[in-house]
Amino acid sequence: MIHFANSAATTPNPPVVPDTRTATEVESFCRVFSVEEKVASTAIPNLKNILGIHNPLTFSMLKGGNKNCPILVTKHDGNRALPFAVLKRESKPQSATARLRIIDMMQRQGCRQLPHIFKSKDNAYLVPVGKNIFSCMAYIKSDVEGRSLFTLDQMFELVRAFHAHSRLVPEIEDLGARDIDRYSDIKYAQLAPELMAWNSALFTSEAWGRCVKCARYFIQPSFRAIYNQLPVHVVHGDIHSGNVIVSNGQHFLVDFDLLKKDIRLLDFVTFAGSINLDEFLRVVEEGRLSSFIHAHYGNLEEIEEKYLPFIVLFGRCCALSWSLGVLKEAIVNKDAEKIAHFKAFVESRIHEIDRLYTHIPEIRAAIPSEAVTRQDLFHKKINMGAHIFNTCREALKRIWKSVFP
Ligand SMILES: Nc1ncnc2c1ncn2[C@@H]1O[C@H](COP(=O)(O)OP(=O)(O)O)[C@@H](O)[C@H]1O
Ligand SMILES: [Mg+2]
């Protein structure tokens, strides 16, 4: 008993946050977060504490993302409604805090491409809402409606500006694993039977065959050995036009879900392999990659210049692997809207991999498509077996339904 009383006496009192909730803000909060009113009673004052404001707030979903859509917090000042902050759900408190600390540190040290990160007076970066936790950053007002498109040189320059600060970040623990350590070709080699049953033409096409070969190349020790030689520092991990906002003519990066310590080339792979793929292939085909890098980024090492196209391809294989997982889940859950969305996603990734493969001779030389290995034949048989099994199962189901409706 005495021990309990003593420890309680040394625990600082939590800060008193005035409760200024209004019926409108509670209603919009509960709707957007899908929670009950009692959750709002602690979460809203907590959030106002982190934001350092007492104004009434409203909440809405922000459109535009694919993975983890953020929530917009609008501040009401008299008759004025000002979009003020953006909340994003975080699944791992430790790594989220580490990422937010880095962004906060870089922003305070002058990285002009980053939004302000909110934190409480006692340095808490995360806002709990019921069982979930959220990060909280400043809303950046875009100069245009919808997405902007950026040229390849603009994207390289944006990476340069971000890396000028991220390479100085001291060693920070708890960040996510490197892409090479998370990568596996399992989703290609053992294609989910649900995917094959859903669209066998897509997964027996020549382009798909090339994707499987590329995917396999990246699990080989020879590729890992190259990866391990490439320079490493903190990277954003997902730089593409959807994660760039232009506000007052200045470029800002958002979406720090994949921020980690990894090879710096990773920050080129999403845009160069996707939206800016045509431009990237043109630069490579015209033999201008090296001079282009020097003009718009600066100092890449020789080994990085040589392997940049391979790392772009690696990025596409990682993206396809992720999309296959989401598509399979959508098929299993019969979520038609998500199926349509991720079908387009998967098709685009297959197309990008195929184009990188067919247009870059160094890639074709390193990953020959003709060599059909025993492993290929084995996987082909497994996939065909799964396909036949699923087709029969579906046919039997239909017959069963027609006999016993
Ligand atoms: N701080 C912000 N200010 C303004 N808009 C933002 C902000 N953060 C995200 N957005 C908008 O929301 C969209 C989705 O957010 P994002 O963090 O990229 O989610 P996802 O992980 O789903 O890609 C972005 O493309 C951008 O348009
Ligand atoms: Mg995004």
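Any read-out appearing in this document is the output of simple, stated calculations on the displayed coordinates, not a laboratory observation. Quantities reported herein were computed from a predicted structural model and do not represent experimental measurements. Cβ atoms come from the backbone with ideal geometry, glycine included; neighbour counts cover every protein chain shown.
Some notes on this structure:
- Members of the range 51-102 that are in a strand (DSSP E or B), touching a residue at least 12 places away in the same chain (Cβ under 8 Å), of a type outside the set (D, E, K, R) and away from ligand 2 (no atom under 16 Å from the Cβ): Leu57, Thr58, Phe59, Ser60, Val73, Thr74, His76, Ala81, Pro83, Phe84, Ala85
- Flag for Val159 being under 26 Å from Leu82 (Cα atoms) and away from ligand 1 (no atom under 15 Å from the Cβ): no
- Residue identified as part of a strand (DSSP E or B) and within 16 Å of ligand 2 (Cβ to nearest atom) among Ser135, Ser142, Ser148: Ser135
- Sole exception among (1) away from ligand 2 (no atom under 16 Å from the Cβ); (2) not in a helix (DSSP H, G or I) for Glu25, by number: (2)
- Positions within the range 298-327 being buried (at least 18 other Cβ atoms within 10 Å of the Cβ) and either over 18 Å from the mean Cα position of the chain (by Cα) or small (Gly, Ala, Ser) (or both), in sequence order: Leu300, Glu304, Tyr307, Leu308, Pro309, Phe310, Gly315, Ala319, Ser321, Ser323
- Looking only at residues of the range 40-91 that are more than 15 Å from ligand 1 (Cβ to nearest atom) and among the basic types (Lys, Arg), we find that the one that is farthest from the chain's Cα centre (by Cα) is Arg80.
- The range 150-175 - residue that is among the aliphatic types (A, V, I, L, M) and within 13 Å of Gly110 (Cα to Cα) and, of those, surrounded by the most Cβ atoms within 10 Å (Cβ to Cβ): Val169
- Residue selected from the range 230-279 under the condition closer than 29 Å to Tyr357 by Cβ and aromatic (Phe, Trp, Tyr), by the criterion nearest to ligand 1 (Cβ to nearest atom): Phe271
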